[in-house]
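Inspection log for the structure reproduced underneath, given as structure tokens.
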Amino acid sequence: MRPHTHHARKALLAALTAGITLSVGGFGTAMAANVGSAPTEHGAAQRIAAIGNGQAKNVILFIGDGMGDSEITVARDYLHGAAGSFEGLDAIGQPSKLNDTQAATGQYTTYSVGDGIADKGKAVITPVTDSAASGSGWATGTKTYNNAIDVDTNGNPQMNLLELAKAAGKATGNVTTAEIQDATPAVLGSHSTLRSCYGPQGKSDGSSDNSAKNCEASQLLQNGGIGSISEQLLQTRADVTLGGGNKYFKQTAQAGTYQGKTLEEQAAARGYNYITDPTKLSSVTSADQNTPLIGLFSSGNMPTQYLASEATAQNPSKDAQPVQCTTNPEWLGKSGASLADMTDSAISLLSKNQQGSSNGYFLQVEGASIDKQDHNANACGQIGETDDLDKAISAALKKVDLSNTLIIVTADHAHTSQIVESQPAYALSTVLKSPVDGSRIVVAYGTADTDAKNDTGGYNGGSMSHTGTQLRIAASGPGAQRVSGLTDQTDNFYTIAKTLGLASSSQEIAALSNDAKLAIAKEGKAISAQLNAFNGDASVSYQLTDPAGTSIAKSVSDSTVSGIRLNTTAITPIDLSQHLEEGKSYILTVKGLQSGVEKTISFQGPAKAASGYTPVTPSAKADGHGITSADDIGTLGTRQLGRTGTAVVAILLLMLAVGSAGGLLLAWRKGVFSK
């Protein structure tokens, strides 16, 4: 009998006894424990057969970054007393609290497969994950190495939940208290071999360029890559994106259509509603693919709710003067941009836009600084962020209907804080006094030296570390039973995909590009390729040849993060004008780099003119998107999607004579033309 089969049968029998309708077919089978090798393929880390066949119109995923069971307990004991409970955080997964018979709670494992880019391509189990590898796990269903964003262990991009939800015609949102380029929000909008590749100038405010340090060179637009995280977030085009990190939007594009323009300017040119004033959030009344919302309300990570407390070495005087947390005057909850405020706004905007109201939505919400303040041994900071997440969950529960919405609450990894009996001699600690029950709470941090504090609040030249323990995952709404028992972090991808009816297996995702279209369009003397419905691909490569097989132009495709970045819900244009000569014939081949789907078209260059030919850049469209170059892709309008996301926008085709086209195709099939 395979490992876990006995337990899966017991779970199945128990659920049947309770009268729950079960469906294990197509979701994943019980798998061996991957003894001797690391699971690196899509879906390979699934631990058990999942139960439940619930379908939901909407899914909201709440992530407490670094929120292990210990971090939850620290915050609960301080804020609500040892016998208390959170209004939102502790209600999800509890049938009696929400009158939700489908509610369930489980645990999942979080390991990664490699530590940093040096381990790219290696199948090495790493027990302690970072936020990038863990987020990539639930976003794509694929294990990867620490520091990687939505790529497998070889650096190949993997389609994520937001991209798949868009392909299915759903509205999408991404909310965080971190910089939106940070690992957890980044896994829904980008693919990067290094999590630090924030923008075209690396991880800077635009006054300098450190991209050589923070980005793999092949990913940068000027080297034929798919672009930095920020550039890809703009291309992915979620309906609602809220968080911090506006200083990185001061960076300037180094290549492509927007070369020389800042990311702020690029957002405006692409039709975004870009705001930085938190008081303006409540006045935003719409956000959709025509005018998506990006709200970046702080230069970096958003300020925490509570001012920092200080952890110190063992000191008996602290027992006589325990700490109570005080509100941070810079916390943006005072300006209408707490995590609860942002969650409330996101749900309202997604629910009423055309896609969300008809097809539903997928929304991810992150309480980011539980982790960041735990790194700094800052008990009050992490407590306030946990409270902010709890209030965001409560806000969601007041707005949604659990009969058609699944809410999942979990974390990306655990952290180092522990409630202990007394101040330890070997570790830093903070002594708190609960304002609710007056209890004395000693919070200890034991994963860095006590005498090496640095200028960022960390210790030992770095910071307190993550831990590798399994994590709580709780769910309420249709499909909640899928989180029951012990699963892996990658199973969360399948829980969400199956509940929303998204493609989830490698074959299903690749098949989304089966109806891909390639056509040639003219505007004046400009000629562009029009790519449509490559919905199973994050990027494509192309090659332009003449009938003799001579290569005229191509995208760089010798690296896994190179190629043309796609927009799932819009035509992706490739401007060919600069490569074409009057009266000549050409063959264009475009290949989806994830699906392998290949499309070829033959066409004529611009007509001969007595005065000669000068390539003309197509004018911008009324929606502000315009046709872009091969290096950087904008959106040429948007298309209304059906549930499958394969609706085709009518485009202008350049028709060829039947005989000529037939001859070219025959020659192509015989291998005359180089691919």
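What to note about this one:
- Were the residues from A425 through K97 laid out at 0.36 nm apart, the gain over their Cα-Cα distance would be 113.9 nm.
- Vicinal HN-Hα couplings computed from phi for the range 70-83 (Karplus, 6.51 cos²θ - 1.76 cosθ + 1.60; Hz; Gly/Pro x): 5, 5, 4, 5, 4, 5, 5, 4, 6, 7, 10, x, 4, 9
- FRET efficiency for the V124 to D319 pair, using the beta carbon distance and R₀ = 56 Å, is estimated at 0.80.
- Given K554/K591; K203/K250; K122/K213; K318/K433, the pairs whose alpha carbons are separated by over 20 Å: K122/K213
- From phi via Karplus (6.51, -1.76, 1.60), per-residue ³J(HN,Hα) for the range 344-357 in Hz, x at Gly/Pro: 4, 5, 4, 4, 4, 5, 6, 5, 9, 6, 4, 5, x, 5
- For G336, net neighbour charge (Lys/Arg +1, Asp/Glu -1) across residues whose Cβ lies under 15 Å away: -2
- Where labels lie 7 Å past Cα in the beta-carbon direction, separation of K280 and K608 in nm: 5.5
- For the range 224-290, the list of trypsin sites (Lys or Arg not before Pro) that fall in a loop by DSSP and count at most 16 other C-beta atoms within 10 angstrom reads K261.
- Summing +1 for each Lys or Arg and -1 for each Asp or Glu among the other residues whose beta-carbon sits under 14 angstrom from that of G141 gives -3.
- Estimated FRET transfer efficiency when R0 is 60 angstrom, pair R440-K522 (beta carbons, to 0.05): 0.20
- All lysines inside 24 Å of K57 as judged from Cα atoms, apart from same-chain residues fewer than 8 positions distant: K97, K166, K170, K352, K391, K398, K399, K498
- Stretchable slack from A217 to N273, in nm (0.36 nm times residue separation minus alpha-carbon distance): 17.1 nm
- Other residues with beta-carbon under 15 Å from the beta-carbon of N160 carry, at +1 per Lys or Arg and -1 per Asp or Glu, a net charge of -1.
- A crude spin-label estimate for the pair E41 and E508, with each label 7 Å from Cα along the Cβ direction, gives 1.7 nm.
- Compared with the alpha-carbon gap, the fully stretched path from E87 to E581 is longer by 171.1 nm at 0.36 nm per residue.
- The aspartates and glutamates within cross-link reach of K120, meaning a Cα-to-Cα straight distance under 19 Å and a gap of 8 or more places when in the same chain, are E41, D130, D150, D152, E216, D558.
- Computed from label points 7 Å out along Cα-Cβ, the spacing between N404 and T469 is 4.0 nm.
Only the coordinates and a few stated rules stand behind these numbers; no lab work does. Since this is a predicted model, take the numbers as computed values, not measurements. We place every Cβ from the backbone using ideal geometry, glycine too, and count neighbours over all the protein chains shown.
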